[in-house]
1. Note down the relative contact order for the chain as a percent, whole number, built from C-alpha pairs under 8 angstrom at least six residues apart.
2. Quick one: Karplus J couplings for the range 69-86, per residue in order, coefficients 6.51, -1.76, 1.60, θ = phi - 60°, nearest Hz, x for Gly and Pro?
3. Where Lys and Arg each count +1 and Asp and Glu each count -1, what net charge lies around Q476 among other residues with Cβ under 13 Å from its Cβ?
4. With θ set to phi - 60° and the Karplus curve 6.51 cos²θ - 1.76 cosθ + 1.60, what are the ³J(HN,Hα) couplings of the range 204-210 in order, to the nearest whole Hz, using x for Gly and Pro?
5. What number do you get for the chain when its Cα radius of gyration is normalised by 2.2 N^0.38 Å, N = residues?
6. Considering only Cα-Cα distances, which of the following residue pairs are longer than 25 Å: K341/K376; K142/K259; K142/K261; K259/K327?
7. Would you mind checking which residues have amide H under 5 Å from Y111's amide H? H placed 1.01 Å from N; only 5 or more apart, or other chain.
8. Taking the highest mean first, how do the peptides 21-34, 307-320, 85-98 order by number of other beta carbon atoms within 10 angstrom per residue?
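The values are calculated or read from the model by the stated rules, or taken from the named source; none is laboratory data. Just so we're clear, the structure is a prediction, and the values are computed from it rather than from any experiment. We place every Cβ from the backbone using ideal geometry, glycine too, and count neighbours over all the protein chains shown. Only protein heavy atoms, including side chains, enter the accessible area calculation; ligands, DNA and RNA are left aside. Shrake-Rupley method; radii C 1.70, N 1.55, O 1.52, S 1.80 Å.
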Amino acid sequence: IPVEPFDLVVFGGTGDLARSKILPALFRRSVAGQVPEGGRIIGVARQDMGVEAYHALIAQSLRELLPDLAQVPGALDRFLKQLDYVALDATQPEGWEQLASMLGQGVRAFYFSVGPGLFGALAERLRQHGLVSDDTRIVVEKPFGHDLASARALNATLAAQFHERQIYRIDHYLGKETVQNLMAVRFGNMLFEPLWNSQYVDHIQITVAEAVGVGGRADYYDRAGAMRDMMQNHLMQLLCLIAMEPPAKFDPDAVRDEKLKVIRALDAVKPHHIVRGQYAVPVGGVGQGYRDEVGDPRSITESYIALRAHISNWRWAGTPFYLRTGKRLVARSSVINVMFKDAPHSIFGEEAGRHANVLSIRLQPNEGITLKVTIKEPGPGGMRLVDVPLDMSFAKALGPENQSPPDAYERLIMDVIRGNQTLFMRGDEVEAAWAWTDPIIAGWQARGDVPKPYDCGSTGPGDAELLMRRDGRRWQGIN
Ligand code: BG6
């Protein structure tokens, strides 16, 4: 879908996120012909460098990250022609006029790809220097606060300068292709919705496993941990989309109202329903564990978390939601498994075993959806039952061109330009998510809780298996 000409200003334009996600996403859209001529993309940072030096920096990142696209004749030149640079310190009065002079009359988006400590200064200066029009949007990244109090303060800072309809809080999980497909599957089919409740669903598992460790983000991560870094936002958003009531329309407030109701209906999590873990080098193994990577031999930050959540409403009373996420696990694999109940009675007798349907929604890798159904094992051996997958992997069903759907950032940035907030978090949602998270973290602090070590390359701490086994259930494999 074409978009109007726009100007996009990226504060933190030389930073990691700008180079690894934002500008590559814009470059891909540019190659796809979706960045109209006449619009400008302007990197802003404190470094005193000319536009040529900025072009060289960005071109290098693009060549590394998107080698094939960077080789498309003329593509990189065309993109760089639309890319400018302004050196400016958000806390100082200089440089803003120059920035203002570069902006056109159309849609303006200001991407705050900087620490939240600068949001206030940026928002004020943009107003002060007359850069804000009705068609102005600002984009902010997670972490949106560190707890409820800081998230409220951030919301208030932004609300002092912008309307809520101008604020786009990114959770890049909402931009993932399969996450949206989840809504299409739920609300575009007759088949699933009647069964989507505690009467037919035994439980739901949400797994976001990563193979990577904390890498170069040790400073940030060691203060955040998996609860703040992943659970409060990405997993919470997945939970909302799985559990919410059908919104009346696919429009921003209708969808976000329903998500908010889910978060507010979450019970407090009981301490014995949470497992925290921290990766370590297996005995006799080589490499670095979490504490080596963050350079603190006594760190008690969790790099893994598994918990059992309950949603107290009519639809879900009695259906547990098991959520887990961790780093340095056996594989990168994000999957939501909707585990249906067994058939109430087996006409095939005990020996046919138990066969429950499972709907697996795979976010990454191999995006797609699989439904495990029970059929008769082929052959003359009598009525033996076997489970087979009804496979809706995108690449198979829709052709190889759908093997790598657009990156979440491409979709989300274009949604900002179009003015569509459906896939962005509203201020009250973020606050409600912190209100659920804060007491959990406060409980650990009060009890001096220490995360359980787990081996790098494993499926996480053994206690996470116990959490399930105590309930007579098992995690689906990570692969
Ligand atoms: C980020 C977290 O929001 O999401 C990271 O801060 C995490 O710690 C990343 O690695 C995972 O994103 P993806 O898209 O690779 O699953």
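1. 18
2. With coefficients 6.51, -1.76 and 1.60, one gets 5, 5, 8, 4, x, x, 5, 5, 4, 4, 5, 5, 4, 8, 9, 10, 9, 10 Hz.
3. +2
4. 10, 10, 10, 10, 10, 9, 10
5. Working: Rg = 23.9 Å, N = 479, 2.2 N^0.38 = 23.0 Å.
So the chain has a normalised radius of gyration of 1.04.
6. The answer is K259/K327.
7. HN-HN under 5 Å from Y111: V9, V10, F11, V139.
8. Working: 21-34: 20.6, 307-320: 18.1, 85-98: 15.9.
Those peptides, ordered most packed to least, come out 21-34, 307-320, 85-98.
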